[in-house]
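Q: Below are the structure tokens for one structure; questions will follow.
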Amino acid sequence: MAEAHQAVAFQFTVTPEGLDFHLSREALRQLYLGGISSWKKRLVRAKNSFLTGVYPASPSSWMVVVMATAGSCYCQVDPSLGLIARIRHYLPESRLLSSESRTMMSVAIFSTGVWLSAVLLFRQALKLLLSYHGWMFEPHGKMSRSTRIWVVLMKVLSVRKPLLYSFQTSLPKLPVPSVEATITRYLESVRPLLDDEKYNKMEALAKEFKEKTAPRLQKYLILKSWWTTNYVSDWWEEYIYLRSRSPIMVNSNYYAMDFLYVTPSHIQAARAGNAVHAILLYRRKLDRGEIPPMMALGIVPMCSYQSERMFNTTRIPGKETDTLLHLVDSKHLAVYHKGRFYKVWLYYGGQLLGPRDLELQFQRILDDPSPPQPGEERLAALTAGERVPWAEARARFFSQGKNKVSLDAIERAAFFLTLDEEEHGYTPGREGCMDAYAKSLLHGRCYDRWFDKSFTLVVYKNGKLGANAEHSWADAPIIGHLWEFMLATDKFQLGYTEGGHCRGDPNTGLAPPQRLQWDLPQECHVAIESSFQLAKALADDVDFCCFQFSAFGKGLIKKCRTSPDAFIQIALQLAHYRDKGCFCLTYEASMTRLFREGRTETVRSCTAEATTFVCSMGDTRQSRAQRQRLFKLAAEKHQHMYRLAMTGAGIDRHLFCLYLVSRYLGVQSPFLAQVLSEPWRLSTSQTPQQQLKMFDLTQHPDHVSTGGGFGPVADDGYGVSYIIAGENLITFHVSSKFSSPETDSKRFGRNIRQAMLDIAELFD
């Protein structure tokens with residue numbers, strides 16, 4: 001009980017003599033230290049906001065300008081052409097200011113104006129340089145003179161080490177492509193998928209749209225691009241994610257896996273302690289802006305906007321649309337174990353809890369024998385079901401009393417942690433272990449993940465871990481960046497004792513984790529059960545195949561003189577054709593983070609060149625040399641499409657926004673309606689690897705990551721995620737639905753393996 005009283009600053013009781021106060025010195029001390037810590041954070045943020053605002057200049061450069069101006073004046077040389085004298089004239093008279101002091105103030109004011117003007121000039125120059133994308137289209141191994149000059153200028157302007165958001169306001173806006181260019185590229189992308197009759201019909205619809213409807217819609221879209229930071233991202237977040245009323249589990253959320261071969265500690269509480277502490281270290285760096293921005297070629301910054309909502313963020317259900325609740329800070333963690341919810345404080349004395357203290361807290365949860373309260377065990381199934389019933393249940397049963405307090409504790413937590421009762425991970429010789437691991441992370445038991453949180457960290461009984469992430473606030477590379485930091489910090493910096501525990505000594509005086517209290521009526525139990533049954537049916541229908549392809553990796557692919565991504569995408573086309581006997585509309589996610597607040601664009605991987613190559617692989621009349629030539633053409637086309645997507649010249653985001661403008665204006669467009677109704681039966685994505693390079697993978701080849709995956713986008717299609725992990729390993733995550741007679745994830749996995757081998761054989 002003494003530990004529990006530490007959480008209360010003071011108590012009072014009413015006696016016949018009056019009020020009897022009891023102060024807790026320890027609690028008051030914690031409040032004081034917490035306040036100091038909060039003010040330190042504010043000061044650090046203010047300082048970093050200033051440094052970001054003046055980048056690429058620095059405060060020291062201001063001093064240089066002031067001293068140079070003062071030195072010139074001392075030598076009786078006026079660099080201001082009389083402005084310093086005029087500023088001095090307008091300064092108010094004061095006894096406290098001598099003539100020399102007023103002169104120095106005038107010099108400081110003039111110098112500050114010059115310095116700020118230079119800052120604005122440099123930032124505009126940086127913005128112009130970042131608008132150049134010719135470097136991306138240079139032939140491999142060659143560089144034009146203009147690109148060389150551009151590289152030199154970029155290095156000069158970026159000489160100072162940037163903070164996370166230093167380049168944000170210098171990034172260019174995403175350009176609006178011309179309607180003609182978009183329609184031309186669209187028709188080119190669907191030509192290999194349509195017969196002559198269907199293509200002619202689509203061509204006629206496109207021509208009518210381009211001549212009659214599109215000009216008006218394009219004007220509104222250009223106006224939006226002038227008014228907003230990014231003409232796509234806000235609509236993409238709202239209409240693709242937040243307005244969707246179907247379950248986000250499987251359909252939207254995605255997952256990330258642990259190291260493939262290595263488990264740093266098999267003690268569940270210890271692994272959770274190190275992982276949570278590493279994640280909190282990342283959050284602290286994020287808050288301070290100390291994480292350097294991601295850079296292409298080492299000099300081209302990518303937008304860091306999506307990182308802002310990584311922590312302290314929850315998706316709140318609504319009847320028509322969801323919203324994102326984001327807090328500036330959160331000092332606690334929400335934890336789930338064996339049907340029970342806990343609140344764990346992350347700070348003590350104004351300092352982050354160390355790994356050993358966190359291990360202690362998690363072990364207390366694991367050792368707690370108390371049973372779940374009525375309705376508590378499957379409560380999180382509400383976040384796994386459809387959004388409208390969840391919104392109605394939230395408004396009806398969680399708007400007051402202890403239910404509201406407990407729900408707030410979850411929704412306002414830094415993130416969510418599940419201490420899972422199962423064991424998962426890669427076991428050599430055990431068939432299906434990775435499939436079960438993937439399904440567990442994607443949906444679990446449908447009630448042991450809080451799918452609305454920005455991400456749920458899952459730590460299994462055997463020390464393996466993973467994450468399930470909500471998609472609306474950011475895309476997978478953002479979580480991937482955090483994930484790499486956490487894994488590397490856990491293994492190579494924090495480490496464990498020989499017994500597998502976190503290092504250090506625990507503070508046994510910490511107050512134990514707080515059980516969240518619920519009072520759920522029978523009607524709420526019914527709503528929970530209804531959401532659970534729907535989610536369970538959805539989860540049981542997911543067919544997963546996760547496998548390692550180790551015959552070769554990017555090392556051999558580069559010998560084919562093509563990009564690894566293009567190689568795999570063409571192999572997927574070959575595998576799909578062998579699997580289904582036809583081609584389909586294919587989605588590959590590309591990022592547009594070279595632009596401010598950029599998210600993704602679609603690369604339509606099923607090109608005419610790719611289909612021609614695939615057909616040649618089944619044509620015995622084609623020679624090996626002919627197939628090699630067709631493959632290189634297909635790879636070059638894919639790389640060109642990828643570059644166009646990255647530089648804002650994609651197809652689908654432009655058409656999506658034109659469609660939304662037409663809906664706002666009440667304009668009917670058969671062309672746009674047809675385009676947006678086409679299903680993506682093959683949805684693909686590459687997981688980035690070694691974004692941070694916190695350790696050398698060549699020296700630690702057993703520390704390869706397994707990447708992550710997602711559910712199928714179409715009911716009769718496949719979802720494929722892959723990570724090129726090292727020189728000789730590629731991991732594939734293939735998903736589909738058991739209910740579709742046309743798909744089989746294991747069969748498709750076998751076809752992918754064979755397609756990769758067959759293409760590689762062409763270049764042996």
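The values are calculated or read from the model by the stated rules, or taken from the named source; none is laboratory data. Here the structure is a predicted model, which is why all the values come from computation and not from measurement. Note that we place each Cβ from the backbone using ideal geometry, even for glycine, and neighbour counts take in every protein chain shown. Only protein heavy atoms, including side chains, enter the accessible area calculation; ligands, DNA and RNA are left aside. Shrake-Rupley method; radii C 1.70, N 1.55, O 1.52, S 1.80 Å.
Q: In what sequence, highest mean first, do 333-339, 671-677 appear when ranked by Cβ atoms within 10 angstrom?
A: Most protected by this proxy first, the peptides run 333-339, 671-677.
Q: Let me ask something else about it. If I compute solvent accessible area with a 1.4 Å probe over the protein chains, what percent of it on region 56-157 is carbon and sulfur?
A: Answer for region 56-157: carbon and sulfur cover 69 percent of the accessible area.
Q: Which residue, chosen from A118, T69, P79, occupies the Cα position most advanced towards the positive end of the dipole of region 56-157, where the dipole is computed from +1 (Lys, Arg) and -1 (Asp, Glu) charges on Cβ about the Cα centre?
A: My answer, from the dipole projection, is A118.
Q: Could you list the trypsin sites (Lys or Arg not before Pro) in region 44-96 that lie in coil according to DSSP, counting only those with at most 11 other Cβ atoms within 10 Å of their Cβ?
A: R95
Q: Pairs of Cα atoms under 8 Å, at least six residues apart: use those to get the relative contact order of the chain, whole percent.
A: 17 percent
Q: On to the next question. I need the shape label for the chain. Rule: rounded when a/c is under 1.5, else prolate if a/b > b/c, else oblate, with a, b, c from the alpha carbon gyration tensor. Walk me through the numbers on the way to the answer.
A: Working: a/c = 1.65, a/b = 1.08, b/c = 1.52.
Note, shape of the chain comes out oblate.
Q: To continue, here is another question. How would region 56-157 be classified by its alpha-carbon gyration tensor: rounded, prolate or oblate, with rounded meaning a/c under 1.5 and the a/b versus b/c comparison settling the rest?
A: Prolate.
Q: Next question. Which one of L51, Y722, A488 has its Cα pushed farthest toward the positive end of the charge dipole of the chain, where Lys and Arg give +1 and Asp and Glu give -1 at the Cβ?
A: L51
Q: When a/c reaches 1.5 or more, the comparison of a/b and b/c decides; with that in mind, is region 173-259 rounded, prolate or oblate per its Cα gyration tensor?
A: Cα axes put region 173-259 in the oblate bin.
Q: Same structure, new question: Provide the packing ranking of 643-656, 530-543, 188-201, i.e. peptides ordered by the mean count of other C-beta atoms within 10 Å per residue, highest first.
A: Values: 643-656: 21.6, 530-543: 18.7, 188-201: 13.9.
Ranked by mean Cβ neighbours within 10 Å, highest first: 643-656, 530-543, 188-201.
Q: Determine the alpha carbon to alpha carbon distance for each of K338/K536; K402/K536; K173/K219 and list only those over 21 Å.
A: As for pairs spanning more than 21 Å Cα to Cα, those are K402/K536.
Q: Among V250, G444, L346, whose Cα sits farthest toward the positive end of the charge dipole of the chain (+1 at Cβ of Lys/Arg, -1 at Cβ of Asp/Glu, about the Cα centre)?
A: Selected residue: L346.
Q: A follow-up question, please. Say R0 is 56 Å: what FRET efficiency, to the nearest 0.05, do R86 and D541 get from their beta-carbon distance?
A: E(calc), rounded to 0.05, equals 0.15.
Q: Could you report the chain's accessible area per residue, 1.4 Å probe, as an integer in Å²?
A: With the other protein chains kept in place, the chain gives 45 Å² per residue.
Q: Return the whole-Å distance between the Cα centroid of region 552-609 and the Cα centroid of region 177-202.
A: Measuring centre to centre over Cα atoms gives 20 Å.
Q: Set the bar at 18 Å for Cα to Cα. Now go through K580/K737; K453/K491; K47/K285 and name every pair that lies beyond it.
A: Correct reply: K453/K491.
Q: Quick check for me: using +1 on Lys/Arg Cβ and -1 on Asp/Glu Cβ, what's the dipole size of region 579-722 about its Cα centre, in debye to the nearest 20?
A: Value, rounded to 20: 440 debye.
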